[in-house]
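The values are calculated or read from the model by the stated rules, or taken from the named source; none is laboratory data. Predicted model only: the values in this text are computed from it and were never measured. Here Cβ is always computed from backbone atoms with ideal geometry, including for glycine, and neighbour counts include all displayed protein chains.
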Amino acid sequence: MHQWNVYKTFDEASKAAADFIATQIQASIAQNNSCHVILPGGNTPAVCLSYLAKKFLPWNKVHWYPGDERCVPSGHADRNDVMLEKNLWSHLEDTHVHIIPAELGAEEAASVYRDMISHIKQFDIAFLGLGEDGHTASLFPDNKALNDTRSVVPVYHSPKPPAERVSLSMSTLRNTPCRIVLVGGPTKAEIIARIKQGETLPINSLGDIYWYLDEAAVGTTE
């Protein structure tokens with residue numbers, strides 16, 4: 001079942017999510033001597049990632065993987081890895097970053113990323129985003145990529161630009177035991193209500209999720 005954690009402000013929700021992720025990383029390292037973490041894009045996770053970067057953890061045992069990427073040139077401001085580098089990776093002295101080469105185009109980049117993660121039987125943590133239409137990563141409602149069972153999938157005809165993207169698949173995200181979503185602001189209240197009502201959406205088709213929200217995102221649904 002979903003676990004809902006609601007905080008007065010988005011900053012409080014971000015800090016709590018960072019604390020939770022840090023605890024999960026520590027647990028994974030204690031058990032496996034490593035941790036493989038899926039990360040979101042967009043602007044929402046920036047504050048949380050900044051808090052996470054300040055934690056004293058054995059970062060050299062952590063491997064980071066974007067959950068999706070936009071097919072734009074390397075270094076482009078719209079790239080998820082640019083946001084992740086700015087808010088997290090650049091603050092860690094010794095860690096392992098695995099980039100989606102989305103500049104190659106959706107099909108080739110998906111193939112390269114698939115090979116890159118082929119040795120991973122199961123990711124440990126999936127920190128995911130949420131769109132107002134219920135999408136997560138670049139898995140949009142009614143998009144053909146939802147039914148692609150490969151570990152990494154090319155995404156075409158995205159309702160949000162750019163039209164071509166690369167994403168970890170539904171099966172990969174479902175296979176990750178710990179899934180976290182951070183949400184803030186009143187514009188997300190409607191989709192949160194739909195999720196709570198059990199509507200069939202990409203985000204609602206993954207299984208149990210630890211939700212971290214501010215009161216504005218909950219709206220009148222509580």
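A few comments on the model shown:
- A single entry from E69, E85 fulfils the requirement of being in contact with a strand residue (DSSP E or B) (Cβ under 9 Å, 6 or more places away or on another chain), surrounded by fewer than 16 Cβ atoms within 10 Å (Cβ to Cβ) and acidic (D, E): E85.
- Residue within region 21-29 that is within 18 Å of the chain's Cα centre (by Cα), closer than 23 Å to P177 by Cα and surrounded by fewer than 15 Cβ atoms within 10 Å (Cβ to Cβ) present: yes
- One residue from G42, G67 being modelled with pLDDT under 95 and not basic (K, R): G42
- Test: residue in region 174-186 that is surrounded by fewer than 19 Cβ atoms within 10 Å (Cβ to Cβ), part of a loop (DSSP other than H, G, I, E, B) and without any contact (Cβ under 8 Å) to a residue 24 or more places away in the chain: no
- Some residue of region 139-153 being within 23 Å of C35 (Cα to Cα), out of contact with any helix residue (DSSP H, G or I) (no Cβ under 8 Å at 6 or more places or on another chain) and surrounded by fewer than 20 Cβ atoms within 10 Å (Cβ to Cβ): no
- For region 109-132, the candidate set comprises residues that are acidic (D, E) and under 17 Å from the mean Cα position of the chain (by Cα); within that set, the residue that is farthest from L168 (Cα to Cα) is E132.
- Applying the set (1) farther than 18 Å from L39 by Cα; (2) among the small types (G, A, S); (3) in contact with a Leu (Cβ under 6 Å, 6 or more places away or on another chain) to A53 leaves exactly one unmet item: (1).
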